[in-house]
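One structure is given below, encoded as C-alpha cells.
The values are calculated or read from the model by the stated rules, or taken from the named source; none is laboratory data. Bear in mind that the values here come from a model prediction, so they are computed numbers and not experimental data. Here the Cβ positions follow ideal geometry from the backbone for every residue, glycine too, while neighbour counts run over all protein chains shown.
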Amino acid sequence: MNTVPTEWNAARRQIVSNAASIGVAVAMYGVSFGALGTTTGLTIPQTMALSLLMFTGASQFTLVSTLASGGTALTAVIASWLMGTRNAAYSMRMTPILKTSGPGKLVAVQLTIDESTAMGLAQDEEAFEGRASRLAFWATGLSVYLLWNLATFIGAVSVSAIGDPKSFGLDAAIAAGLFALVWPQIKSRTDLSVAFGGALIALALAPIVPPGVPVLAAAMVAVIVGWVTSRRIS
Amino acid sequence: MWFAVLAGAAGCYALKYVGSVIPAHVLEQPTVKKIVLLLPISLLSALVAVQTFASSQSLVVDARVPALAAATVALKFKSPFILVVLIAAVTAAALRYFGLAV
C-alpha cells in the first residue's frame, strides 16, 4: 500500500472538500423539501422519515408532489419507486468498486444516490488502488445524508419563514446541480448522444405520462445505445 | 400518510439493495458493462431536462432556462460545483425579482 503519500493527501483533501460542497448545495434543496413536505400536509416526523429512510431526493419530491397534486397514496408510492429505480443501476455500478460486506454494505446501499454515485464515478477508478473512488462515494454519501436531513428538519420546522423556494432560484439550483454531476461523466461522443437522447425522451414524455415515468423511460436510451455499441466492438 | 411514507421508503431501499446483489459475472458481459456505464448518464440528463423545462405535466420556458445556460458557462470554465449551483440560483432569483421571467 505504498502509494505516494503527498499525492494521496492532496487528492484526499480535494475529494473531501468537493463532498462537503455537494452536501452544502444539496442542503439548500433539502430546506425546500422540508418546507414542501409540511406545507403539503405531511407532519414533521413524516417529512423527516422520508429524508432519513427513503433518502433519495427525486423520489421524495415525487412522492410529496404527487400527494399534493391530488394523487392517491398508492400512486405516490409507485411514482416514488419508479423514480428510485435508477438507484438500482447506481448500486450495480458501485458495488464492484466499493467492495463492502456486512453492515457496511447495508449502509453503502442506503447512501447510493445520484450525488454519491456521480462523485464516485467522476474519479479515476484505478487511482490510488480504487481508494479515490471509494472515498468520493463515502464522503459524498455521508455529507449529503447529514446535511440533507439537517436541512429537511430546518425547512420543516421553519416553513413559514422560507416563503416561495422559487424566489430563491432553488428549482434552477437543483437542475444546475444535476447538470454539474453528469458533466464530468460525458467523455465521448456516445456519452453525449446518450445524454441528449435521454433528455429529449424525458421532455417528449413529460406532458403525457405520470411524474417519474419520463426519467425512467430515458433509461431505454442507455440500454439501446449500450447494446448497439458493444455489439459493434465485438 | 404513514403508509405512503413507509411503503415508499421500503421500496426505494429495496431497489438500492437489489442492484448490489446482482452477480458480478453479469456485470462482466460487455453489453451489460456498457449499459450500466451509460445508465446514469441518460437518467441524470433526463432529470436535468425535466428539472429545467417541466412544470407538473407541461413544458415551460421560465427563469430556469437562462439559469441553466449560466451554469453551462460556469461548467465550461471548470468552476467548482458550489459556484455552478449558486450562479444558477442567483440568475433565476434575479430574473424573477426584476420581473424578467417567471
field: Answer residue from the stretch A:110-149, given it is of a type outside the set (A, V, I, L, M, F, W, C) and over 16 Å from residue A:90 (Cβ atoms) and is nearest to the chain's Cα centre (by Cα) among those
entry: A:143
field: Set A:214, A:184: member being touching a helix residue (DSSP H, G or I) at 6+ places or on another chain (Cβ under 9 Å) and more than 8 Å from chain B (Cβ to nearest Cβ)
entry: A:184
- request: Could you run through the stretch A:23-58 and say how many residues are at pLDDT 95 or above, more than 20 Å from residue A:141 (Cα to Cα) and at the interface with chain B (Cβ under 7 Å from one of its Cβ atoms)?
  value: 1
query: Can you tell which of B:26, B:61 is farther than 17 Å from residue A:182 by Cβ and at pLDDT 95 or above?
result: B:61
task: Select, from A:177, A:226, the only residue that is without any contact (Cβ under 8 Å) to a residue 60 or more places away in the chain and crowded, with 19+ Cβ neighbours inside 10 Å.
output: A:226
Residue A:66 being surrounded by fewer than 22 Cβ atoms within 10 Å (Cβ to Cβ), farther than 25 Å from residue B:84 by Cβ and not aliphatic (A, V, I, L, M): no
statement: Cβ pairs under 8 Å, 6+ apart or interchain, first in the stretch B:60-72 and without any contact (Cβ under 8 Å) to a residue 60 or more places away in the chain, second aromatic (Phe, Trp, Tyr) and crowded, with 22+ Cβ neighbours inside 10 Å, ordered by first then second residue, are B:68/A:179; B:71/A:179; B:72/A:179
- request: Inspect all residues belonging to the stretch B:1-23 and state whether any of them is over 30 Å from residue A:105 (Cβ atoms), at pLDDT below 95 and among the hydroxyl-bearing types (Ser, Thr, Tyr).
  value: no
message: Restricting to the stretch A:152-169, name every residue that is surrounded by fewer than 24 Cβ atoms within 10 Å (Cβ to Cβ) and not in a loop (DSSP other than H, G, I, E, B).
response: A:153, A:154, A:157, A:159, A:160, A:161, A:162, A:165, A:166, A:167, A:168
- prompt: If a residue has to be buried (at least 17 other Cβ atoms within 10 Å of the Cβ) and in contact (Cβ under 8 Å) with a residue 24 or more places away in the chain to count, how many in the stretch A:180-192 make the cut?
  reply: 4
query: Looking at A:20, A:35, A:49, which is the one that is closer than 19 Å to residue A:154 by Cα and under 17 Å from the mean Cα position of the chain (by Cα)?
result: A:20
